[in-house]
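Working notes, structure below.
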Amino acid sequence: MAGVEDPAAIRDQTNRSLGKTPKEVSIEEVDAGGVQAEWVCWPGCSDDSALVYFHGGGYVFGSPVGHRDLAWRLSKEGGVRVLMVDYRLAPEHRFPAAVDDATAAYRWVLDQGIDPQKIMVGGDSAGGGLSAALMVNLKNQGIPQPKAAVLLSPWVDLTGSGETMTTNEDKDAMLTPEAIRRFTAFYLGEGRDPKAPLASPIFADLSGLPPMYIVVGDSEVLLSDSERLAEKLREAGGEVKLDVWPKMPHVFPILARLIPEAKKAVSDIAEYVRGHLGTQAH
């Protein structure tokens, strides 16, 4: 990825909404326990449930605005309010700042009186890894878990030890191993262990976590992260659904306005949301 050396330049390029947000969509900025966030809601979406979502961007860039197109689609088809969390980014705010913000935002949703059994968490790429880290952190702190989680191409291994980091290097149009190494350095800084469970949840105790739905493309350098996460969740007694899409790029569901496969993936994700939260599409 060009410009990885300059986080500010990447942010300037990516902090724009993909596609037009329909005028029907309600967007409400909130202070979620000291963390900036926004509710994205399609008319008629349920007030008593929530999808708490963490955007991707290597922990270095990305924003709720840049993922708003995905958020309103999930709200419409999932029948749920989506809380897009604007967690702090590296290198200004290194690990565990993102985990702290994710935990604060989730606790804030609980404080709004929403039953944890009516809450899901989700995210893409680094945000998918952050979702997994959040659930590990909730378990560690004795905080009620969400009902389920949706992870899109999650980045859960900051050591870069997955087999597809090598085998898919020439196939992945979105990410390179070098970019991932740079993001890791920005996020961890000096002297931090990339195997720390809240940085790389692939190395955490994954027992007792909620059901998860993982969506990934088969040409990604991070494919092994998804495959190994699913395997380790099953080994820990967890429930996991893994969908590997052929010839799809990293976090392809964000392209729902452009390609039919992405649109279908969003519909599948929304069906999973409805099935766990009891909401209805609009």
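Quick notes on this structure:
- Of all residues making up region 246-268, the number that are in contact with a Lys or Arg (Cβ under 9 Å, 6 or more places away or on another chain) and among the hydrophobic types (A, V, I, L, M, F, W, C): 3
- Boolean, Ser267 is in a helix (DSSP H, G or I), polar (S, T, N, Q) and open to solvent by 20 Å² or more (accessible area, probe 1.4 Å): yes
- Conditions (1) of a type outside the set (Lys, Arg); (2) under 18 Å from Leu152 (Cα atoms); (3) in a helix (DSSP H, G or I); (4) open to solvent by less than 40 Å² (accessible area, probe 1.4 Å): number failed by Glu227: (4)
- Test: residue in region 267-276 that is of a type in the set (Gly, Ala, Ser) and free of Cβ contacts under 8 Å to residues at least 12 places away in the same chain: yes
- Residue-level analysis places Val273 outside the set of residues that are open to solvent by less than 10 Å² (accessible area, probe 1.4 Å), in a loop (DSSP other than H, G, I, E, B) and either over 20 Å from Val99 (Cα atoms) or in contact with a Phe, Trp or Tyr (Cβ under 7 Å, 6 or more places away or on another chain) (or both).
- Scanning region 162-175 for residues that are over 15 Å from Gly56 (Cβ atoms) and touching a residue at least 60 places away in the same chain (Cβ under 8 Å), we see that the one that is surrounded by the most Cβ atoms within 10 Å (Cβ to Cβ) is Gly162.
- Evaluation of Trp155 against (1) of a type outside the set (Ser, Thr, Tyr); (2) open to solvent by 10 Å² or more (accessible area, probe 1.4 Å); (3) in contact (Cβ under 8 Å) with a residue 12 or more places away in the chain (one fails), failing number: (2)
- Residue pairs whose Cβ atoms lie under 6 Å apart, sitting 6 or more positions apart in sequence or on different chains, and linking a residue in region 27-48 that is farther than 21 Å from Lys147 by Cβ to a partner that is among the charged types (D, E, K, R) and surrounded by 13 or more Cβ atoms within 10 Å (Cβ to Cβ), are Ile27/Glu38; Glu29/Glu38; Val35/Asp101; Gln36/Asp86.
- The condition (being at pLDDT below 95 and either under 24 Å from Leu255 (Cβ atoms) or touching a Leu at 6+ places or on another chain (Cβ under 6 Å) (or both)) is satisfied by just one residue among Ala9, Ala37, Ala50, Ala98: Ala9.
- Take the conditions (1) in contact with a helix residue (DSSP H, G or I) (Cβ under 7 Å, 6 or more places away or on another chain); (2) open to solvent by 10 Å² or more (accessible area, probe 1.4 Å); (3) under 27 Å from Asp47 (Cβ atoms); (4) in a loop (DSSP other than H, G, I, E, B); Gly113 misses just one of them, which is (1).
- Filtered residues of region 248-262 (kept if over 21 Å from Val65 (Cβ atoms), open to solvent by 40 Å² or more (accessible area, probe 1.4 Å) and either part of a loop (DSSP other than H, G, I, E, B) or in contact (Cβ under 8 Å) with a residue 40 or more places away in the chain (or both)): Ile259
- In region 230-245, of all residues being assigned to a strand (DSSP E or B) and either touching a Ser or Thr at 6+ places or on another chain (Cβ under 8 Å) or more than 20 Å from Gly208 (Cα to Cα) (or both), the one that is most open to solvent (accessible area, probe 1.4 Å) corresponds to Val244.
- Number of residues in region 142-174 that are in a loop (DSSP other than H, G, I, E, B) and of a type outside the set (Asp, Glu) equals 19.
- Residue list for region 182-212, filter: assigned to a loop (DSSP other than H, G, I, E, B) and crowded, with 16+ Cβ neighbours inside 10 Å: Arg192, Pro194, Ala196, Pro197, Leu198, Ala199, Ser200, Ala204, Leu206, Leu209, Pro210, Pro211
The values are calculated or read from the model by the stated rules, or taken from the named source; none is laboratory data. Quantities reported herein were computed from a predicted structural model and do not represent experimental measurements. When we count neighbours, we look across all protein chains shown, and the Cβ atoms used for this are built from the backbone with ideal geometry, even at glycine. Ligands, DNA and RNA are stripped out before the accessible areas are found, and what is left, the full protein with its side chains, is counted by its heavy atoms. Shrake-Rupley method; radii C 1.70, N 1.55, O 1.52, S 1.80 Å.
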